[in-house]
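The values are calculated or read from the model by the stated rules, or taken from the named source; none is laboratory data. As the structure is a computational prediction, the values presented were derived from the model and not from experiment. Counting neighbours? That spans all protein chains shown, and the Cβs are built from the backbone with ideal geometry, glycine included. These accessible areas exclude ligands, DNA and RNA; they are computed on the full protein's heavy atoms, side chains included. Shrake-Rupley method; radii C 1.70, N 1.55, O 1.52, S 1.80 Å.
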Amino acid sequence: MKAKTTDDREIELEQNTLDGLRMRLRGPVFFPGDAGDAGYDESRGVWNAMIDRKPALVARCLGIADVIACVQFAREHDLLLCIKGGGHNIAGLATADGALMLDMSLMRGVWVDTQEKVAHAQAGCLLGDVDRETQVRGLAAVLGFVSQTGITGLTLGGGFGYLTRRWGWTSDTVVGMEVVTADARLVRASDDENPDLFWGLRGGGGNFGVVTGIDYKLYPVGPEIVGGLVAWPASEAPGVLELYRTLAEKAPSELTLVVLMRPAPPAPWLPKDMHGKPIVAILACYSGKPEEGEKAVAPIKSFGHPTGDVLVRRPYAQMQALLDATQPKGRRYYWKSEYLSSIEPALCEKAIENAAKIRSPHSAVILFQIGGALNRLEEEHSPVGNRDARYVLNIAGAWERADDDKANIEWAREAWKDMKVFSTGGTYINFLTQDEGPERIEAALGKGLQRLAEVKARWDPDNVFRTNRNIKPL
Ligand SMILES: Cc1cc2nc3c(=O)[nH]c(=O)nc-3n(C[C@H](O)[C@H](O)[C@H](O)COP(=O)(O)OP(=O)(O)OC[C@H]3O[C@@H](n4cnc5c(N)ncnc54)[C@H](O)[C@@H]3O)c2cc1C
């Protein structure tokens, strides 16, 4: 079988070499053309159907010992290595042609320590796995908005969601990580152990090793919260955006507000005659006491003439999965994203204009509110930086057919050009698409890049972990 080396050479792996790898692992190994290749396509597939790469072989690791054996095997043969968590990265960073892919999807255990209020989650967990186990105890980790996203990619790039305003970027709430390093050693990274590595992992992506487990600080949340959506016809967008702007500015940190402008999806809570027509919606989550939440969202529920309203008391875990159906695996996706420090009326006008030009039933212009706890930490606290960010603008193109790539990518790029003037100058590393290069990585990690290169030199001087937003060792 042909495979790629770290310096892009093609090499031949003999059958007995592959058999040797199989014997060293508890988990299965898949490669195309092999009798046991049934899992190969499932493993190599990622969320964004624009990405179609073919690793030489896939190892589904079933524990830390498997991860160590894979890193050793990759080093012995100088193989290109890629690591798949949830496979949700829009740029498809989890997969690479000719590589040995470590698919972490069998490592989804979660252990909750109620005394210390910490969850230990294995690196293959999806967000929903952690929410499910922590909510049983009335606790929650600070995670993202879609329950099928992988915890590890999200956390290694920063991470934000409904609890960010109270407790910071996801990576701010991590108390430790277990990592298999480039020389195949298992180490712990925390404030007390290997603090330089710990710093780098909280924003520097998978550059420093294979993360096998993450310890998250937990906070009391739910199980019942007030959350959901109210939607209006797009004709009411100017008033709704002004309401959003003013409510968000004075919102307590328990309240997170998101605006979505898009064609109405065929959701049962929206009337059939609205499906496909342009709407504006406010997504709200009040993660404190439900009775206070009901008061906080009352101005949203009583505004204008909504076409649908599912902003109610509901389980927090359900809230975490509310957007899942709108983001299925297998569509084609292209995003452009910026951080904002405020919402200006002029930005609202531009958002409305660009939402009116959407070319697909699945695309959206989205404003996420994130300001709060993350603004209170020092810029140098972790490489995620961007401590001046209060909102995230995401111009989210989504469509079905390859023939429509050009029109939808063009829409996203044009809308971005029109709106990037409102940016802080910073952007979110985890939202960068595959065509975004060094200047965009600099916009995301700018102030931390030099220090990240120093950490890289210490922990991965040969750049074994390179199929990511790669930081060259200094
Ligand atoms: C529908 C959708 C919704 C999203 N919502 C949010 C949100 O609300 N908040 C937010 O902050 N982000 C969000 N994101 C962005 C998300 O954080 C990134 O896409 C992230 O990369 C996903 O992590 P993953 O593990 O699924 O990714 P993967 O594609 O599996 O991996 C991404 C990167 O992480 C590396 N990696 C994965 N596992 C490991 C490991 N064990 N060790 C070392 N490196 C590893 C990979 O090698 C790759 O470089 C969303 C993405 C999607 C598609």
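Okay, here's what the table says:
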| read-out | value |
| --- | --- |
| Using θ = phi - 60° and Karplus 6.51 cos²θ - 1.76 cosθ + 1.60, couplings along the stretch 130-140 (whole Hz; Gly, Pro as x) | 6, 4, 4, 6, 7, 5, 4, 9, x, 10, 8 |
| Dimensions in Å of the stretch 260-336 - Rg and Dmax from alpha carbons | 14.2, 41 |
| Those chymotrypsin sites (Phe, Trp or Tyr not before Pro) in the stretch 1-62 that DSSP places in a loop and that have at most 16 other beta carbons within 10 Å | none |
| Cut-off under 5 Å, modelled amide H: who pairs with G161 long-range | none |
| Rounded accessible area of Y286 (nearest 10 Å², 1.4 Å probe) | 10 |
| Computed Kirkwood radius, in angstrom, where 1/r is averaged over Cα pairs of the stretch 91-135 | 12.2 |
| Reachable lysines from K117, criterion Cα separation under 20 angstrom, eight or more residues apart if same chain | K217, K289 |
| Overall Cα dimensions of the chain, principal axis frame, Å, largest first | 69, 54, 40 |
| Rg/Rg_ref, the stretch 1-99, where Rg_ref = 2.2 N^0.38 Å and atoms are Cα | 1.01 |
| With Cα atoms, 0 to 90° folded angle of helix 290-301 axis to the chain main axis | 60 |
| When each of K54/K456; K336/K420; K357/K417 is checked by Cα-Cα distance, pairs over 18 Å | K54/K456 |
| Sequence-distant aspartates and glutamates (8 or more away, or on other chains) whose Cα lies within less than 13 Å of K272 | none |
| Whole-number accessible area per residue in Å² for the chain, which is evaluated in the context of all protein chains at 1.4 Å | 39 |
| Per-residue ³J(HN,Hα) for the stretch 462-474, Karplus 6.51 cos²θ - 1.76 cosθ + 1.60, θ = phi - 60°, Hz, x for Gly and Pro | 8, 6, 5, 9, 10, 8, 8, 6, 6, 10, 6, x, 6 |
| Structure-based [θ]222 nm, the chain - -39500 (n - 2.57) summed over DSSP H runs of at least 4, per residue, nearest 500 | -8000 deg cm²/dmol |
| Helix axis angle, 15-24 relative to the chain longest principal axis, alpha carbon, degrees | 70 |
| Equivalent ellipsoid, the stretch 133-235 (semi-axes from 5 times Cα gyration tensor eigenvalues, Å) | 30, 16, 11 |
| Relative contact order [Cα under 8 Å, 6+ residues apart], the chain, whole percent | 15 |
| Whole-percent pair-distance distribution, where bins are 10 Å wide, for the alpha carbons of the stretch 415-474 | 21, 47, 24, 9, 0 |
| 3J(HN,Hα) from dihedral phi, the stretch 229-244, Karplus parametrisation 6.51/-1.76/1.60, rounded to Hz, x for glycine, proline | 10, 10, 10, 10, x, 4, 4, 8, 4, x, x, 5, 5, 5, 4, 4 |
| Cut-off under 5 Å, modelled amide H: who pairs with G168 long-range | A373, L374 |
| Rg/Rg_globular for the stretch 119-182, with Rg_globular taken as 2.2 N^0.38 Å and Rg from C-alpha atoms | 1.06 |
| Where I429, I352 fall by accessible area, highest first, once all protein chains stay in place (1.4 Å) | I352, I429 |
| Computed label-point distance, nm, for sites A356 and V310 using a 7 Å Cα→Cβ extension | 2.9 |
| Amide H contacts under 5 Å for C125, placed H, 5+ residues apart | I151 |
| Carbon and sulfur %, accessible surface of the stretch 270-390 computed with the full protein complex present, 1.4 Å | 56 |
